[in-house]
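For reference, the structure is listed below as structure tokens.
No lab work stands behind these numbers, since they all come straight from the coordinates. Nothing here was measured: the structure is a model prediction, and the numbers come from that model. A quick note on method: Cβ atoms are made from the backbone with ideal geometry, for glycine too, and the neighbour counts reach across all protein chains shown.
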Amino acid sequence: MIVLTQADFSMTPRQLAEKVKDLYSLPEVALRVNEILQEHQPCHDELEAVIAHDPALAAKILKLVNTSYFDAPGKIDTISRAIDIVGAEELRNMVLATVVADRFSGIPDNMIDMNTFWYHSVNAGIIARLIAIHCNHIDQERFFIAGLLHSIGKLVLFSEYPDQCVDILHYRQQGQSIMTEQENKLFGFNHADLSAELLNLWKLPESTWLMIRNQLNPFDKGHPEYIEDGCILQSAVYIADLIEPCAKTNKQIALPELDIQLPAFKYLSLTEESLHLIIKEADFQAFEVLSLIRPETTVIF
């Protein structure tokens with residue numbers, strides 16, 4: 001077994017993100033969409049033109065905004081109408097969702113099943129958004145992309161340090177928290193830290209990447225204003241973790257058994273009844289979203 005101590009690994013998560021940023025850079029269309037939305041007064045006509053310049057992407061976006069995820073009033077058949085109905089920020093999330101999966105490939109099958117990974121990630125994103133809606137949280141559109149990309153750092157670690165990550169995977173049966181402890185022990189940081197830094201380099205809003213960084217310990221990261229964000233994301237990831245082992249079974253699955261005493265659940269005043277309703281709604285939406293952003297993943301159903 002390969003043993004790596006923290007002293008052997010000197011890079012910070014920011015330095016590692018900088019090292020791989022070219023390898024895992026976003027395509028030009030996504031970068032340009034980000035740039036437009038960072039302007040003081042984003043131009044929706046320019047945003048529409050950038051997306052329409054990529055017909056395949058535009059077609060996929062229009063299919064997405066017509067799913068039950070958005071529950072739009074009537075058929076949306078133009079990008080301009082999509083912006084009017086779902087908003088520019090939500091449209092940016094859909095652009096990222098459609099392009100980011102293609103940026104991560106070549107990871108050995110013995111380390112991770114990419115279909116299962118994206119199924120888990122889409123579930124986390126949809127559940128996070130539904131919890132935010134349930135909690136009447138502002139800026140609800142941020143939560144889908146935070147959930148979708150909450151563990152993208154794992155893929156970077158698997159790709160860059162496969163030997164060390166194989167060692168971490170030996171702890172898989174002991175649960176995600178134990179694996180995260182091993183990440184901290186081996187690298188001096190964990191996948192959430194790295195995920196946050198990568199999204200920071202992609203110039204996503206601070207409120208999104210800080211939510212990802214705070215997801216493991218929402219109560220003690222020094223950002224009290226983001227406790228609710230962190231609790232929502234942690235709750236969604238916890239539920240997605242319970243659902244994930246069912247990914248390769250028949251689609252008719254039982255509701256997962258929830259630990260309703262989870263501190264994040266209690267902070268958000270989430271009940272077992274409300275969570276089961278959210279899980280049922282997310283189950284249907286996940287299939288629709290997956291079939292559009294990563295069609296090959298739907299073979300797991």
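Divide the volume of the convex hull around the Cα atoms of segment 136-191 by the residue count and you get 102 Å³ per residue.
Give the order of LEU57, LEU194 when sorted by the count of other beta carbons within 10 angstrom, beginning with the fewest.
By the 10 Å Cβ count, ascending: LEU57, LEU194.
Overall size of segment 140-282 from C-alpha positions, given as principal axis extents largest first: 41, 37, 25 Å.
Highest mean packing comes first when the peptides 10-22, 87-99 are listed by Cβ atoms within 10 Å, giving 87-99, 10-22. Averaging 1/r across all pairs of distinct Cα atoms in segment 27-103 and inverting the result yields a Kirkwood radius of 12.4 Å.
Scalar couplings 3J(HN,Hα) for segment 161-174, obtained by applying the Karplus form with A = 6.51, B = -1.76, C = 1.60 to θ = phi - 60°, are 9, x, 4, 5, 6, 4, 4, 5, 5, 4, 8, 4, 5, 8 Hz; x denotes Gly and Pro. Cross-link reach is defined here as a Cα-Cα straight distance under 20 Å, omitting same-chain residues fewer than 8 places apart; for LYS266 the aspartates and glutamates meeting it are ASP220, GLU225, GLU228, ASP229, ASP241, GLU257. Applying 1/(1 + (r/R0)^6) with R0 = 51 Å to the Cβ-Cβ distance of VAL166 and ASN136 gives a FRET efficiency near 0.70.
Among the listed pairs LYS19/LYS203; LYS19/LYS185; LYS60/LYS203; LYS63/LYS154; LYS154/LYS203; LYS63/LYS280, those whose Cα-Cα separation exceeds 26 Å are LYS63/LYS154. Once the mean of 1/r is taken over each pair of separate Cα atoms and inverted, the chain shows a Kirkwood hydrodynamic radius of 19.7 Å. A straight line joining the Cα centroids of segment 71-131 and segment 155-187 runs 26 Å.
Compactness ratio for segment 1-148: Cα radius of gyration over 2.2 N^0.38 Å (N = residue count) comes to 1.22. 3J(HN,Hα) along segment 177-183: 5, 5, 5, 5, 4, 5, 4 Hz, from the Karplus curve 6.51 cos²θ - 1.76 cosθ + 1.60 with θ = phi - 60°, whole Hz, x for Gly and Pro.
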